[in-house]
Amino acid sequence: MTAIRAGVLLVIVTGFTLAISTLPAVQAPALVLPEYSASDMDSEPLIETAFISGDLTREVHSATAVELNNGDVRVFWYGGKREGSKDTSIYSRVLDSSDNSWSGIEEVMTRDRITRDTRRYIRKLGNPVAVVNGDELWLFFVSVSVGGWAGSSLNLSVSADNGSTWGPVRRLISSPFLNISTLVRNAPLLAENGAVILPAYHEFLGKFAELLQLDKAGNVLNKYRISRGREAIQPALLPVDTTHAVAYMRNTSDKQPGRIWFSRSRDSLADWTALEALALPNPDAAVTAVQLNTPDEQLLVFNNHPSERDDISMAYRHGSDTAWQLIHQFETGKGSEGIHNPFSYPFLLRTRDGRYHLFYTWKREHIKHVHFNNAALLEMLQSAAPDS
């Protein structure tokens, strides 16, 4: 029996290794660079906070957000009795940019609907991410039929009306072998030809980060490995120029734990530098990043501890040759003593008007939203300056 199990495992490992290299070679397309307005630069400092997930479910987790073409912000998360429970659904609501008011909460994806659309039994739902692609809103999310997150599949549904209604759910083919263990966490990038570059990761046999290249129809054309082994997952991707990007990743390593991983693409998105540990800590937790006035001027939000998710902090880097500077703490851990991992999974969105929207899991009970402007960011930078 032991020999049979070993043989089966060998077949799985061999097939999985071959599968990740069998997609046809397709050249990575030119990336679209973000464009932002400086109209908010002279306003008064503004920081607003609110719990936005309501009380429809006992637990909530893994918020993500996207700016719609009309300037509104749509946020998604999943919730249920607990992470991995059979009653999980994906929820959403919209922040109206004209009056800063929230819409009602919508249950946009359910297990029953996905089972019906994909004709596959769905046991639980997980991380969503979204991107506006032309006049369409694409929603990617994780589902599991059997087992844990390592057995995940990746799904796509498209909306033509900013998320008011959704088209059929389609299970993406991200690997020719078993087509399992593809998960997402951070926002995709767009390409000039309409393609989507989707940061993804695996947890089956290895724990590694990669990129999926999808065409305009949402078909996976190619994949590019960022890391290998069992070291890094959940890449947060930022474009440096039309052909290069950087990635910040959650550290899952047993040999070098406790620091955020970083990698930069070389000649193309298919070739990445070896993982580099930043000075910033990471307790095996998700991170998020955005760019400011130049591609290398960046903000990064993370848990500022090598082993505990008991705060939410933000660091700033002026350029690629400068050190990261801690500039603000949104949560300090005060009042959450005794709660396991009270703050996690931050997602930072910078909208075209130059404002910032941070969402994160708050004690698994709420999705917390922090809205701040450039004037508030400038105030944070000045307060954190060494001579302040």
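Annotations
- Listed by number, the DSSP H helices of the chain that run 24 Å or longer by alpha-carbon position along their axis and have mean Kyte hydropathy of at least 1.6 are 2-19.
- Think of each Lys and Arg Cβ as +1 and each Asp and Glu Cβ as -1; about the Cα centre, that makes the dipole of the stretch 177-274 roughly 340 debye.
- Here the dipole of the stretch 292-388 is about 380 debye; that uses its Cα centre as origin and unit charges on the Cβ of Lys and Arg (positive) and Asp and Glu (negative).
- Of the options (i) 34, 24, 19; (ii) 39, 21, 19; (iii) 31, 24, 22, only one is semi-axes √(5λ) of the Cα gyration tensor in Å as computed from these coordinates, and that is (iii).
- Pairs beyond 28 Å (Cα-Cα), from Lys124/Lys255; Lys334/Lys368; Lys223/Lys368; Lys81/Lys368; Lys86/Lys368; Lys81/Lys223: Lys124/Lys255; Lys223/Lys368; Lys81/Lys223
- FRET efficiency for Arg116 and Ser85, using Cβ-Cβ distance with R0 set to 22 Å, rounded to 0.05: 0.65
- Per residue of the chain, the DSSP helices (runs of n ≥ 4 H) give a summed -39500 (n - 2.57) that works out to -3000 deg cm²/dmol at 222 nm.
- Electrostatic dipole magnitude of the chain [Cβ: Lys, Arg +1; Asp, Glu -1; Cα centre; debye, to 20]: 2100 debye
- Dipole of the chain, positive end: most advanced residue of His371, Ser164, Ala315 [Cβ charges, Cα centre]: Ser164
- In this calculation the C-beta distance from Thr294 to Asn69 is compared with R0 = 25 Å, giving a FRET efficiency of 0.50.
- Highest to lowest packing among 101-110, 117-126, scored as the average C-beta count within 10 Å: 117-126, 101-110
- Listed peptides 72-81, 313-322 by packing density, highest first (mean Cβ within 10 Å): 72-81, 313-322
- For the stretch 245-381, relative contact order (Cα pairs under 8 Å, six or more residues apart, normalised by length) works out to 15 percent.
- Sorted peptide list for 377-385, 340-348, 261-269, criterion being average Cβ within 10 angstrom, highest first: 340-348, 261-269, 377-385
Since every read-out is calculated from the coordinates, none of them should be taken as a lab result. All of these numbers come straight from a predicted model, not from anything done at the bench. Positions of Cβ are generated from backbone atoms using ideal geometry, with glycine treated the same way; all protein chains shown enter the neighbour counts.
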